[in-house]
Amino acid sequence: MRLSAVLAAARLPPGYRHGTWPPDTAAAQRRNPPGQRRRRVVVEPIGSEDWKVFQGDTVQVLSGKDAGKQAMVTQVVRARNWVVVEGLNTHYRYINRTAKYAGTYIASEAPLLLSQIALVDPEDRKPTEVQWRYTEEGERVRVSLRSGRIIPVPLQPRRDGIVPEQWIDGPKDTSVEDAMKKTYVPSLKTFEEEIMDAMDIVETRRAKKSYWY
């Protein structure tokens, strides 16, 4: 586990209940105010090495009102063994509702447990169980137990939503070569002296004599 993940978990107060919002967002903090103790939610622990469903995967719902339907995973909450599937397991709610305004009635996707979904085999588009295996080159891949086909892991975005493998530099972006280029030459001169040498400025001023007595 990375040090950043350990520090993030250490900052969470006791009794913190994870939701679909990241812990460092304002929405998550409103749902977990300081000093409030909530009933503990028991979650079956799944190690990061055994986790098999990622954002961007195509899955099929196995139970519930949308059983048999297939869609793409838009969010994964590992702390609760949750996945949010695009357009499925929806419920309707009001947002921005006040005493004078009726609000907006929207559809919201509720999370599903891992036991309620299954990955779709790209060979026959049917649900299948998967297993982590290694190729001859030593690459760790997911393999369908139905057909034996490799199911590649989708490209994962960062926390800011950017997929590094799909990023295209713009005209104002600094290239990797320019960022790694060494342009500073260390010397014993001060910063002011280096600026004067670069601009061909000659110091002609002389300090006046001073007496301490």
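Add +1 for every Lys or Arg and -1 for every Asp or Glu among the other residues with Cβ under 13 Å from the Cβ of residue 187, and state the total.
On the way: positive: 189; negative: 192, 193, 194, 197.
For residues surrounding residue 187, the net value is -3.
Pull out a ≥ b ≥ c, the square roots of the eigenvalues of the alpha-carbon gyration tensor of segment 35-105, then state rounded if a/c is under 1.5, prolate if not and a/b is larger than b/c, and oblate in the remaining case.
In terms of gyration-tensor shape, oblate.
What's the lysine pair count for the chain at a Cα cut-off below 29 Å, pairs eight or more apart or interchain?
Here the count comes out as 10.
Please give the calculated 222 nm ellipticity per residue for the chain, where each DSSP H segment of at least 4 residues contributes -39500 (n - 2.57) and the sum is spread over every residue; nearest 500 deg cm²/dmol?
The per-residue figure over the chain is -3500 deg cm²/dmol.
Just round it to a whole percent: the fraction of Cα-Cα distances in the chain exceeding 31 Å.
49
What are the extents of the Cα atoms of segment 1-125 along their three principal axes, listed from largest to smallest and rounded to whole Å?
So the extents along the principal axes, rounded to whole Å, are 51, 46, 23.
Would you mind putting 108-120, 12-24, 58-70 in packing order, based on average other-beta-carbon counts within 10 Å, highest first?
108-120, 58-70, 12-24
Counting only Cα atoms, I'd like the Rg/Rh figure for segment 104-197, Kirkwood definition for Rh.
Answer for segment 104-197: 1.29.
Take each of the peptides 125-132, 28-35, 166-173, average the number of other beta-carbon atoms within 10 Å over its residues, and list them starting from the highest.
125-132, 28-35, 166-173
Using a Gaussian network model on the chain with a 10 Å cutoff between Cα atoms, which of 72, 196, 180 fluctuates the most?
196
Can you send over the carbon and sulfur percentage of the accessible area for the chain, probe radius 1.4 Å, protein chains only?
Of the solvent-accessible surface of the chain, carbon and sulfur hold 54 percent.
Report relative contact order for the chain in percent, whole number only (criteria: Cα-Cα under 8 Å, sequence separation at least 6). All intermediate terms of the calculation are to be shown ahead of the outcome.
On the way: 246 pairs, mean separation 25.5, N = 213.
Relative contact order here is 12 percent.
Hey, can you find the accessible area per residue of the chain for me, probe 1.4 Å, expressed in square angstrom?
81
The values are calculated or read from the model by the stated rules, or taken from the named source; none is laboratory data. These numbers come from a predicted model, not from an experiment. Methodologically, a virtual Cβ is constructed for each residue, glycine included, from the backbone with ideal geometry; neighbour enumeration extends over all protein chains shown. We work out accessible area using only protein heavy atoms, side chains counted, and drop any ligands, DNA or RNA first. Shrake-Rupley method; radii C 1.70, N 1.55, O 1.52, S 1.80 Å.
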